[in-house]
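Notes follow once the structure below has been shown.
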Amino acid sequence: MFRGFLNQRSSIRVSLMSDQMAETEVTIDSEASSDTHAYARFTRRIQGVFIDAIIFMVILAAALLLAVSFASDHVARILGATVVVTWLFYEPLLVSLTGGTIGHYLCNMRVVDDRGGNVSFIKAFARMIIKSLLGWYSFLAMAMTSRHQAVHDLLTRSTVQMRDLTKAQPYHFRGRRDPLTPQGMPSPIRRVAVITVYLVACFTLYAIVLAMLALAGAPSRRCIDEMNCSAGEFAILIPLWVIWGGIGIWAALWGWQGRLWGARVQR
């Protein structure tokens with residue numbers, strides 16, 4: 001009888017522990033799905049980039065106009081230094097102080113630190129440098145990350161969100177995406193290695209085609225080495241650049257999704 005009482009107490013304790021574990025799992029799942037932030041879409045972010053680019057082009061044109069008007073090397077150097085300083089500090093200062101550039105503001109976006117609030121000036125400066133170095137390729141990561149982050153967002157632990165959700169349209173933002181980790185997905189290291197192989201092969205093929213065209217005289221060596229090209233030579237090179245960039249983007253996206261030979265999802 002005493003042994004039966006002990007067994008009954010043990011079974012009650014086990015059931016209570018299982019109930020507590022179930023409650024813990026539910027809590028964790030609810031926390032994981034509680035992200036209700038509105039992350040800016042790629043198209044919205046590109047609009048902001050174009051607005052900032054137009055602003056910088058206006059500043060550059062004004063500086064050139066002033067330099068020509070004064071016809072002074074000293075003034076030209078001052079204006080040149082001003083343009084460079086403006087380019088270096090325009091985005092970092094505005095992002096760290098106000099949460100975004102003029103392009104961000106006009107597109108109803110803001111850069112948010114993962115710890116909350118605006119990112120620091122150091123982070124904002126790092127974001128700008130990484131984005132400038134990687135160009136459009138930085139935004140490829142938005143198709144692979146749960147919070148729609150570009151590479152410069154990931155490396156600086158930040159996101160781009162809607163500034164005022166009441167003013168945003170449904171096609172301006174997206175919610176948190178489920179992680180792209182289905183069963184049988186190769187490891188990230190393997191996927192990155194395979195993507196790198198494809199990109200190297202793509203560049204090698206591009207170089208071979210360019211060398212064959214150079215041997216045929218179109219484009220000329222001056223165009224290839226010094227980028228001093230005629231309109232006809234640009235008409236040949238631009239499609240090559242577009243095809244090369246398109247294949248690189250395709251390889252990066254398909255490789256990360258486990259759809260390239262060498263790193264496919266095992267069904």
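The values are calculated or read from the model by the stated rules, or taken from the named source; none is laboratory data. Just so it is clear, the structure is predicted and the values come from calculations on it, not from any experiment. Reconstructed Cβ throughout: ideal geometry from the backbone, glycine too, with neighbour counts over all protein chains shown.
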- Task: With respect to THR159, determine if the residue is over 23 Å from TRP250 (Cβ atoms) and without any contact (Cβ under 8 Å) to a residue 24 or more places away in the chain.
- Result: no
- Message: I need the full set of residues from region 194-227 which are of a type in the set (S, T, N, Q) and within 14 Å of ILE249 (Cα to Cα), in order please.
- Response: THR196
- Quickly run through region 206-233 and pick out the residues that are of a type in the set (Val, Ile, Thr) and surrounded by 11 or more Cβ atoms within 10 Å (Cβ to Cβ). VAL209, ILE224
- Query: Taking region 95-152 on its own, how many of its residues are in a loop (DSSP other than H, G, I, E, B), touching a helix residue (DSSP H, G or I) at 6+ places or on another chain (Cβ under 8 Å), at pLDDT below 90 and polar (S, T, N, Q)?
  - Reply: 1
- Just for region 35-91: of the residues that are loosely packed, with under 15 Cβ neighbours inside 10 Å and among the charged types (D, E, K, R), which one is farthest from the chain's Cα centre (by Cα)? ASP73
- Leading residue by the ranking (nearest to VAL200 (Cα to Cα)) among those in region 217-267 that are of a type in the set (S, T, N, Q) and touching a residue at least 12 places away in the same chain (Cβ under 8 Å): GLN257
